[in-house]
Amino acid sequence: MKKAIVIMLTGAMMLAAVACGGGSSNSTPAQNNTQTEEAKPAEETQETVESTVEEPEQTEVNVPEDAMSFEDYMAAATDAEVVVQGAIQGKQGFFSRDDQGLATVYLQDEKGGAYFIYELPCTEKEYELMEIGKTIKVKGYKSEWSGEIEVVDVETWMFVDGEYIAEAEDVTALLGTDELASKMNKKVAFKGMTVEPIKNKDDEDVAFIYNYDGSGERGPDTDLYFNVSVNGQTYTFTVESYLCGPDSDVYKAVEDLKIGDVIDMEGFLYWYNGPNPHITAIVAQ
């Protein structure tokens, strides 16, 4: 709060003013208070009176602070408040809960930092503006769920300058190693992998199943699961329906798989009690 110092002069001239006007007044635009003073001896030449002037209230703008480095983010404790920044590499479908729009997005920066932002509050229009490559800054809380490190309970977010589309990093050689976890949430590639049988609900060997247990049917809320192998080890990969639905090329490509096919894939290294990649593209060799 700022203060204005009002100087009130006294003396012969002030006495004359009092005599002619019957008194003196002092007011400010903010307070409009009238003060009348009695005449003082001539030797008392001045007196200072402090009058406070209220400044207008500032509207608080709720935006994230400066983003932290990926290293600082990873070092932060679970449940700590974090501010991260990255370019959108993938986004799951928009939906509403309790009249609140929500979207889940994968972010990555040019230095290799990757983030999974779970249920970011947004309007449908904002969701449409979240184009692949656009950069956003997000303030929320670091969390871990079944091994997946993510940002949840987003308090605020904003678009910022900068565009970036990451190249998929080939992590095939890291499958089965502890080092693979360091690539969590990144855009990754797997090459030369063989489609292996997976059991459906009737205990039959098939190339893929709807839902993790084979209980589902083709639809916008149904994920696809399939097994692939390399170097004698078999892994289960997923097509996340909210990320790539039944109309997507990758969903259809998985439905066309046959046991024994050799394929290259791209996707995001999601984690669920171990690597559970969300595949976004498949190319047969």
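Tabulated data
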{"quantity": "Top-ranked residue of the range 158-178 - restricted to ones that are over 23 Å from the mean Cα position of the chain (by Cα) and part of a loop (DSSP other than H, G, I, E, B), ranked as surrounded by the most Cβ atoms within 10 Å (Cβ to Cβ)", "calculated": "Val171"}
{"quantity": "Test: residue in the range 171-182 that is touching a strand residue (DSSP E or B) at 6+ places or on another chain (Cβ under 7 Å) and among the β-branched types (Val, Ile, Thr)", "calculated": "yes"}
{"quantity": "Test: residue in the range 116-123 that is modelled with pLDDT under 95, more than 26 Å from Val239 (Cβ to Cβ) and either exposed (fewer than 14 other Cβ atoms within 10 Å of the Cβ) or assigned by TED's automatic domain parsing to the domain that holds Tyr272 (or both)", "calculated": "no"}
{"quantity": "Selection from the range 57-82 of residues that are at pLDDT 95 or above, of a type in the set (Asp, Glu) and loosely packed, with under 11 Cβ neighbours inside 10 Å", "calculated": "Glu71"}
{"quantity": "Residue match in the range 232-243 (condition: surrounded by 19 or more Cβ atoms within 10 Å (Cβ to Cβ), among the polar types (S, T, N, Q) and within 24 Å of Phe94 (Cβ to Cβ))", "calculated": "yes"}
{"quantity": "Number of positions in the range 223-243 that are touching a Pro at 6+ places or on another chain (Cβ under 8 Å) and either closer than 25 Å to Val105 by Cβ or not polar (S, T, N, Q) (or both)", "calculated": "4"}
{"quantity": "Pair list, Cβ < 6 Å and 6+ apart or interchain, from the range 154-178 residues that are of a type in the set (Phe, Trp, Tyr) to residues that are outside any strand (DSSP E or B) and exposed (fewer than 13 other Cβ atoms within 10 Å of the Cβ)", "calculated": "Tyr164/Glu110"}
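Residue-wise test of (1) of a type in the set (Val, Ile, Thr); (2) in contact with a helix residue (DSSP H, G or I) (Cβ under 8 Å, 6 or more places away or on another chain); (3) not in a loop (DSSP other than H, G, I, E, B).
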{"residue": "Phe237", "(1), (2), (3)": "no, no, yes"}
{"residue": "Tyr242", "(1), (2), (3)": "no, no, no"}
{"residue": "Val254", "(1), (2), (3)": "yes, no, yes"}
{"residue": "Ile259", "(1), (2), (3)": "yes, no, no"}
{"residue": "Asp264", "(1), (2), (3)": "no, no, yes"}
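The values are calculated or read from the model by the stated rules, or taken from the named source; none is laboratory data. Predicted, not measured: the structure shown is a model, and the values here were computed from it. A quick note on method: Cβ atoms are made from the backbone with ideal geometry, for glycine too, and the neighbour counts reach across all protein chains shown.
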